[in-house]
Amino acid sequence: MKKIPVFYHSFRHKRYPIIELDKKAKDRLGQCDSPTTKNKMIEIPIGHSKASLEVQVHEAIHACLFDLDETTVEEISGDISNFLWKLGWRNVSVLKGEKV
């Protein structure tokens, strides 16, 4: 089944289609392809929970700095998502269908 992007976003001048992660995909939280991959994409949960925010930030970090090891990405994404959550950030624009 073809995956339809929710929107597109560029990270370090590389354009990625952003795909909503299938809610049935229990084996992974998100995924980001290498910026050098031909049909690259980012799959993330689209939601407004703190856990969704952390996965979204995590995959964005992979898109920007793909060569970072997973432990470093986990630490950075946890720190950034906690910071944003404390500031009151919530992912509502995509849920409301607004252009981002």
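On inspection, TYR16 qualifies as surrounded by 15 or more Cβ atoms within 10 Å (Cβ to Cβ), in contact with a strand residue (DSSP E or B) (Cβ under 7 Å, 6 or more places away or on another chain) and among the aromatic types (Phe, Trp, Tyr). Considering only residues that are at pLDDT 95 or above and assigned to a loop (DSSP other than H, G, I, E, B), look in the range 64-99 and name the one that is surrounded by the most Cβ atoms within 10 Å (Cβ to Cβ). Here the residue is PHE66. Scanning the range 5-24 for residues that are in a loop (DSSP other than H, G, I, E, B) and either under 15 Å from the mean Cα position of the chain (by Cα) or modelled with pLDDT of 95 or more (or both) yields a total of 7.
Looking across the range 25-60, the residues that are in a loop (DSSP other than H, G, I, E, B), free of Cβ contacts under 8 Å to residues at least 24 places away in the same chain and loosely packed, with under 13 Cβ neighbours inside 10 Å come down to ALA25, LYS26, ASP27, ARG28, THR36, THR37, LYS38, ASN39, SER49.
The values are calculated or read from the model by the stated rules, or taken from the named source; none is laboratory data. Predicted model, so just to flag it, every value in this text is computed and none were measured. Note that each Cβ is placed from the backbone with ideal geometry, even for glycine, and that neighbours are counted across all protein chains shown.
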